[in-house]
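Working notes, structure below.
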Amino acid sequence: MTYEARSQYTSAMILSMTGFGAGRGRVGEEEIAAEIRSVNHKYCEVKPRLPPELLPLETEVVRQVKEGVRRGALDVTLKRMGGGRSAHVPRLDLALARELVAELKRAGDSLGLVQNLGVAELAQVEGIISFEPRGIDLDAARAAAHQAIGEALVALRTMREREGRALAEDLSKRLEAVRVLAARVRALSPATIDTYRARLEERIAELSRNVPVEPQRLAQEVALFADRVDVAEEITRLDAHFGAFDRLVAGEEPAGRRMDFLVQEMHREVNTIGSKSQSAEIAEAVVGMKAEIERVREQVQNVE
């Protein structure tokens, strides 16, 4: 399956930004191997590592990778394989060999020595034989590189999808824990007002030495307190954030940045609930929500 075909067949799920993929492509005598390693990054940053003879393809390599990956820091390594042949060819410096043989002959004649220099001995002389990269068919190499990168991108996405499923499962579990605690806060909030009313009545009765308390005045005090500690709006906004987060987890588009924003908003609402809290039980629930939201924030850093 080609990369273009594979990219159209994607599951509705978030992707991890970490992964690895490898591939090979061959066109004619040119064979290219590609490896792509991806880690977390705020944007999409591609770092190509190409041998000198493939440097003309650098811009095309970066473009192809960015078409397949939306976010992450990616190291892309291309290697030119032999394609059944050596990637280098030997080069014999005949001019140098002739001069060396001539000098040795003159030295032998001058010293009365017999010249007995064979090809094997000549090849061992430094500089006589060198190895150079085999000439490249750039068009064939370009096509082979495109194949190799496409295959590597498919493998990379497969790994990112697999890790994305694990991330989605973990995020959903942690968000469910926050939901449960938020529901507990919602249930405890009215009891806080009732407790305050009872304590206020006891305190007034104690101070007024059993003088009847004016019901209207008491109701006003309780209403003011209820307004100060009311967390209905914060809980409602939290529910909205939970729903938006769920949709992002199940969506196909890159969601990491939007998830990060929602986590910040969740943290803000929970902080507000904590500042309004007049109950030890609500305060305990707030601490639990903060801990789970922080774990969600850490995991979101891995989401594309």
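The values are calculated or read from the model by the stated rules, or taken from the named source; none is laboratory data. All values reported here derive from a predicted model rather than from experimental measurement. Here the Cβ positions follow ideal geometry from the backbone for every residue, glycine too, while neighbour counts run over all protein chains shown.
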_Check on Arg98, of a type in the set (D, E, K, R), on the phi < 0 side of the Ramachandran plot, loosely packed, with under 12 Cβ neighbours inside 10 Å and without any contact (Cβ under 8 Å) to a residue 60 or more places away in the chain_ = yes
*Would you tally the residues in the range 144-188 being of a type in the set (Ser, Thr, Tyr) and either over 30 Å from Ser279 (Cβ atoms) or buried (at least 23 other Cβ atoms within 10 Å of the Cβ) (or both)?*
1
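Report yes if Val65 is closer than 22 Å to Glu304 by Cα and hydrophobic (A, V, I, L, M, F, W, C), otherwise no.
yes
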*Could you say whether any residue in the range 74-84 is in contact with a Pro (Cβ under 7 Å, 6 or more places away or on another chain) and not in a strand (DSSP E or B)?*
no
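Listed here are the residues, each with its yes/no results for (1) assigned to a helix (DSSP H, G or I); (2) under 30 Å from Glu269 (Cβ atoms); (3) of a type in the set (A, V, I, L, M); (4) in contact (Cβ under 8 Å) with a residue 24 or more places away in the chain.
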position: Glu151; (1), (2), (3), (4): yes, no, no, yes
position: Val154; (1), (2), (3), (4): yes, no, yes, yes
position: Glu161; (1), (2), (3), (4): yes, no, no, yes
position: Gly164; (1), (2), (3), (4): yes, yes, no, yes
position: Ala168; (1), (2), (3), (4): yes, yes, yes, yes
position: Leu171; (1), (2), (3), (4): yes, yes, yes, yes
position: Glu176; (1), (2), (3), (4): yes, yes, no, no
position: Arg184; (1), (2), (3), (4): yes, yes, no, yes
position: Leu188; (1), (2), (3), (4): yes, yes, yes, yes
*Find the residue count for the range 159-173, including only residues that are in contact with a helix residue (DSSP H, G or I) (Cβ under 9 Å, 6 or more places away or on another chain) and either among the aliphatic types (A, V, I, L, M) or modelled with pLDDT of 95 or more (or both).*
3
*Any idea which of (1) over 30 Å from Arg63 (Cα atoms); (2) buried (at least 16 other Cβ atoms within 10 Å of the Cβ); (3) among the hydrophobic types (A, V, I, L, M, F, W, C) is the one Phe131 doesn't satisfy?*
(2)
*Any idea which of Arg142, Arg70, Arg160 is farther than 26 Å from Ile14 by Cα and either of a type outside the set (A, V, I, L, M, F, W, C) or assigned by TED's automatic domain parsing to the domain that holds Ala33 (or both)?*
Arg142
*Output the residue which, of all residues in the range 264-285 that are under 33 Å from the mean Cα position of the chain (by Cα) and farther than 18 Å from Ala240 by Cα, is surrounded by the most Cβ atoms within 10 Å (Cβ to Cβ).*
Ala285
*asked:* I need the full set of residues from the range 1-29 which are at pLDDT below 90 and either under 16 Å from Pro254 (Cβ atoms) or surrounded by 14 or more Cβ atoms within 10 Å (Cβ to Cβ) (or both), in order please.
replied: Tyr3, Arg6, Ser7, Thr10, Ser11, Ala12, Met13, Ile14, Glu29
_Residues that are surrounded by fewer than 14 Cβ atoms within 10 Å (Cβ to Cβ), touching a helix residue (DSSP H, G or I) at 6+ places or on another chain (Cβ under 9 Å) and at pLDDT below 90: does the range 47-63 have at least one?_
no
*Could you grab me the full set of residues in the range 93-129 that are at pLDDT 80 or above and either among the β-branched types (Val, Ile, Thr) or touching a strand residue (DSSP E or B) at 6+ places or on another chain (Cβ under 6 Å) (or both)?*
Val101, Val125, Ile128, Ile129
